[in-house]
1. If I filter the stretch 172-187 down to residues being outside any helix (DSSP H, G or I) and in contact (Cβ under 8 Å) with a residue 24 or more places away in the chain, which single residue comes out as surrounded by the most Cβ atoms within 10 Å (Cβ to Cβ)?
2. So how many residues does the stretch 63-82 have that are at pLDDT below 95 and surrounded by fewer than 14 Cβ atoms within 10 Å (Cβ to Cβ)?
3. Among the residues of the stretch 64-71, is any of a type in the set (Lys, Arg) and either out of contact with any Leu (no Cβ under 8 Å at 6 or more places or on another chain) or part of a strand (DSSP E or B) (or both)?
4. For residue 162, work out the one condition from (1) modelled with pLDDT of 95 or more; (2) closer than 18 Å to residue 78 by Cα it doesn't fulfil.
5. How many residues are under 11 Å from the mean Cα position of the chain (by Cα), closer than 21 Å to residue 92 by Cα and not in a helix (DSSP H, G or I) when one looks only at the stretch 3-38?
6. It is to be established whether one or more residues within the stretch 14-29 are in contact with an Asp or Glu (Cβ under 7 Å, 6 or more places away or on another chain), closer than 23 Å to residue 105 by Cβ and of a type in the set (Ser, Thr, Tyr).
7. Which residue pairs have Cβ atoms under 6 Å apart, sit 6 or more places apart or on different chains, and have a first residue in the stretch 35-63 that is more than 22 Å from residue 3 (Cβ to Cβ) and a second that is among the polar types (S, T, N, Q) and surrounded by 13 or more Cβ atoms within 10 Å (Cβ to Cβ)?
8. Among the residues of the stretch 39-63, which ones are assigned to a helix (DSSP H, G or I), farther than 21 Å from residue 108 by Cα and in contact with a Leu (Cβ under 9 Å, 6 or more places away or on another chain)?
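The values are calculated or read from the model by the stated rules, or taken from the named source; none is laboratory data. Model, not experiment: these values are computed from the prediction. Positions of Cβ are generated from backbone atoms using ideal geometry, with glycine treated the same way; all protein chains shown enter the neighbour counts.
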Amino acid sequence: MQLIILFGPPAVGKMTIGRALEKRTGLKLFHNHMTIELVVPFFDFGTEAHNHLVRLFRWSIFESVAKSDLKGLIFTFVWAFGLDSEEAYVDEIVQVFKDVDADIFYVELEADLAERLRRNKTEERLRDKPTKRDTKASEKILLEHEATYRFNSYENEFKRPNYLKINNTHLSPEEVATRIIAHFGLS
(Lines give C-alpha, C1' and ligand atoms only; values in the text may rest on other atoms or scores of the structure.)
Protein backbone atom coordinates (compact mmCIF):
# COMPACT_ATOMS: atom_id res chain seq x y z
CA MET A 1 0.00 0.00 0.00
CA GLN A 2 1.24 3.46 -0.91
CA LEU A 3 -0.03 6.95 -0.18
CA ILE A 4 1.17 9.95 -2.13
CA ILE A 5 0.17 13.30 -0.67
CA LEU A 6 0.41 15.75 -3.53
CA PHE A 7 0.17 19.27 -2.15
CA GLY A 8 0.68 22.87 -3.14
CA PRO A 9 -1.19 26.10 -3.75
CA PRO A 10 -4.46 26.40 -5.65
CA ALA A 11 -4.15 25.90 -9.43
CA VAL A 12 -0.61 24.55 -9.22
CA GLY A 13 -1.63 21.40 -11.14
CA LYS A 14 -2.19 18.81 -8.41
CA MET A 15 -5.21 17.14 -10.05
CA THR A 16 -3.64 17.03 -13.52
CA ILE A 17 -0.34 15.66 -12.22
CA GLY A 18 -2.28 13.22 -10.04
CA ARG A 19 -4.00 11.91 -13.16
CA ALA A 20 -0.66 11.43 -14.89
CA LEU A 21 0.63 9.53 -11.83
CA GLU A 22 -2.54 7.45 -11.64
CA LYS A 23 -2.12 6.28 -15.24
CA ARG A 24 1.48 5.26 -14.67
CA THR A 25 1.41 3.80 -11.15
CA GLY A 26 -1.97 2.14 -10.71
CA LEU A 27 -2.62 4.23 -7.60
CA LYS A 28 -6.10 5.75 -7.42
CA LEU A 29 -6.43 9.53 -7.59
CA PHE A 30 -8.51 11.22 -4.89
CA HIS A 31 -8.33 14.93 -5.61
CA ASN A 32 -9.68 17.23 -2.92
CA HIS A 33 -12.45 18.66 -5.09
CA MET A 34 -14.12 15.26 -5.44
CA THR A 35 -15.64 15.75 -2.01
CA ILE A 36 -15.94 19.53 -2.16
CA GLU A 37 -18.01 19.41 -5.34
CA LEU A 38 -20.14 16.56 -3.96
CA VAL A 39 -21.24 18.59 -0.94
CA VAL A 40 -21.56 22.11 -2.43
CA PRO A 41 -25.01 21.54 -3.99
CA PHE A 42 -26.32 21.00 -0.46
CA PHE A 43 -24.18 23.24 1.75
CA ASP A 44 -22.11 26.28 0.83
CA PHE A 45 -18.34 25.93 0.82
CA GLY A 46 -16.82 26.64 4.22
CA THR A 47 -19.98 26.22 6.26
CA GLU A 48 -19.94 23.94 9.27
CA ALA A 49 -22.16 21.37 7.51
CA HIS A 50 -20.00 21.47 4.37
CA ASN A 51 -16.76 21.00 6.30
CA HIS A 52 -18.25 18.19 8.38
CA LEU A 53 -19.47 16.24 5.36
CA VAL A 54 -16.29 16.74 3.34
CA ARG A 55 -14.23 15.44 6.25
CA LEU A 56 -16.63 12.51 6.80
CA PHE A 57 -16.53 11.43 3.14
CA ARG A 58 -12.78 11.81 2.92
CA TRP A 59 -12.23 9.90 6.12
CA SER A 60 -14.44 7.03 4.92
CA ILE A 61 -12.49 6.84 1.68
CA PHE A 62 -9.11 6.90 3.42
CA GLU A 63 -10.12 4.12 5.81
CA SER A 64 -11.71 2.03 3.07
CA VAL A 65 -8.71 2.33 0.75
CA ALA A 66 -6.28 1.52 3.57
CA LYS A 67 -8.22 -1.67 4.35
CA SER A 68 -8.59 -2.66 0.70
CA ASP A 69 -6.44 -4.61 -1.71
CA LEU A 70 -5.89 -1.49 -3.82
CA LYS A 71 -2.28 -0.53 -4.53
CA GLY A 72 -2.81 2.83 -2.87
CA LEU A 73 -3.93 6.42 -3.17
CA ILE A 74 -2.82 9.79 -4.49
CA PHE A 75 -4.47 12.52 -2.40
CA THR A 76 -4.28 16.17 -3.43
CA PHE A 77 -4.40 18.84 -0.79
CA VAL A 78 -3.87 22.57 -0.37
CA TRP A 79 -1.68 22.71 2.73
CA ALA A 80 -1.53 26.05 4.54
CA PHE A 81 1.85 26.08 6.28
CA GLY A 82 2.11 27.52 9.75
CA LEU A 83 -1.33 26.30 10.84
CA ASP A 84 -1.22 23.55 13.46
CA SER A 85 -4.64 22.31 12.33
CA GLU A 86 -3.28 21.61 8.84
CA GLU A 87 -0.34 19.64 10.20
CA ALA A 88 -2.68 17.67 12.48
CA TYR A 89 -5.03 16.91 9.56
CA VAL A 90 -2.17 15.49 7.49
CA ASP A 91 -0.95 13.49 10.50
CA GLU A 92 -4.41 11.94 10.88
CA ILE A 93 -4.52 10.92 7.22
CA VAL A 94 -1.01 9.52 7.33
CA GLN A 95 -1.77 7.51 10.48
CA VAL A 96 -4.60 5.65 8.73
CA PHE A 97 -2.09 4.44 6.17
CA LYS A 98 0.78 3.89 8.60
CA ASP A 99 -1.55 1.57 10.52
CA VAL A 100 -1.45 -0.77 7.50
CA ASP A 101 2.31 -0.30 6.96
CA ALA A 102 1.85 1.79 3.83
CA ASP A 103 4.70 3.70 2.28
CA ILE A 104 4.02 7.45 2.54
CA PHE A 105 5.35 9.93 -0.03
CA TYR A 106 5.08 13.72 0.07
CA VAL A 107 5.24 15.73 -3.14
CA GLU A 108 5.11 19.50 -2.89
CA LEU A 109 4.38 21.47 -6.04
CA GLU A 110 5.09 25.12 -6.62
CA ALA A 111 4.59 27.37 -9.63
CA ASP A 112 4.73 31.06 -10.38
CA LEU A 113 1.58 33.00 -9.55
CA ALA A 114 1.11 34.14 -13.16
CA GLU A 115 1.14 30.53 -14.32
CA ARG A 116 -1.29 29.49 -11.59
CA LEU A 117 -3.68 32.28 -12.61
CA ARG A 118 -3.50 30.96 -16.18
CA ARG A 119 -4.12 27.37 -15.00
CA ASN A 120 -7.07 28.56 -12.93
CA LYS A 121 -8.98 28.98 -16.22
CA THR A 122 -8.02 25.78 -18.03
CA GLU A 123 -10.69 23.61 -19.59
CA GLU A 124 -9.83 20.56 -17.47
CA ARG A 125 -10.00 22.52 -14.21
CA LEU A 126 -13.32 24.14 -15.09
CA ARG A 127 -14.79 20.84 -16.27
CA ASP A 128 -13.93 18.94 -13.10
CA LYS A 129 -14.36 21.70 -10.54
CA PRO A 130 -17.72 23.43 -10.99
CA THR A 131 -17.04 25.75 -8.05
CA LYS A 132 -14.20 27.27 -10.11
CA ARG A 133 -16.33 28.06 -13.20
CA ASP A 134 -16.96 31.63 -12.13
CA THR A 135 -13.38 32.47 -13.02
CA LYS A 136 -13.52 36.07 -11.76
CA ALA A 137 -14.68 34.92 -8.32
CA SER A 138 -12.25 32.01 -8.34
CA GLU A 139 -9.34 34.28 -9.21
CA LYS A 140 -10.36 36.75 -6.50
CA ILE A 141 -10.38 33.96 -3.90
CA LEU A 142 -7.07 32.60 -5.17
CA LEU A 143 -5.45 36.02 -4.79
CA GLU A 144 -7.02 36.61 -1.36
CA HIS A 145 -5.77 33.24 -0.15
CA GLU A 146 -2.35 33.93 -1.65
CA ALA A 147 -2.15 37.08 0.48
CA THR A 148 -3.44 35.35 3.63
CA TYR A 149 -1.80 31.90 3.68
CA ARG A 150 1.53 30.33 2.83
CA PHE A 151 1.05 27.34 0.54
CA ASN A 152 4.67 26.35 -0.01
CA SER A 153 7.30 25.43 2.52
CA TYR A 154 10.43 27.42 3.12
CA GLU A 155 13.74 25.90 2.10
CA ASN A 156 14.63 23.03 4.48
CA GLU A 157 11.40 23.52 6.47
CA PHE A 158 9.74 20.25 5.49
CA LYS A 159 11.30 17.48 7.59
CA ARG A 160 9.17 14.43 6.83
CA PRO A 161 10.85 11.49 5.06
CA ASN A 162 10.12 10.56 1.43
CA TYR A 163 9.72 14.17 0.32
CA LEU A 164 10.17 15.85 -3.04
CA LYS A 165 9.56 19.49 -4.01
CA ILE A 166 9.10 20.38 -7.67
CA ASN A 167 8.67 23.75 -9.33
CA ASN A 168 6.38 22.82 -12.22
CA THR A 169 5.93 26.28 -13.72
CA HIS A 170 7.48 25.13 -17.01
CA LEU A 171 6.94 21.36 -16.78
CA SER A 172 4.19 19.23 -18.26
CA PRO A 173 2.18 16.96 -15.94
CA GLU A 174 3.87 13.96 -17.57
CA GLU A 175 7.34 15.40 -16.87
CA VAL A 176 6.42 15.95 -13.23
CA ALA A 177 5.00 12.43 -12.95
CA THR A 178 8.23 11.03 -14.43
CA ARG A 179 10.30 12.91 -11.85
CA ILE A 180 8.13 11.68 -8.97
CA ILE A 181 8.23 8.06 -10.16
CA ALA A 182 12.01 8.17 -10.64
CA HIS A 183 12.71 9.92 -7.33
CA PHE A 184 10.73 7.44 -5.23
CA GLY A 185 11.33 4.35 -7.40
CA LEU A 186 7.62 3.85 -7.99
CA SER A 187 6.43 1.28 -10.48
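1. Among residues in the stretch 172-187 that are outside any helix (DSSP H, G or I) and in contact (Cβ under 8 Å) with a residue 24 or more places away in the chain, the one surrounded by the most Cβ atoms within 10 Å (Cβ to Cβ) is 186.
2. Result for the stretch 63-82: 1.
3. yes
4. (2)
5. The qualifying residues number 10.
6. yes
7. Hits for this filter: 40/131.
8. Hits for the stretch 39-63 are 39, 53, 54, 57, 61.
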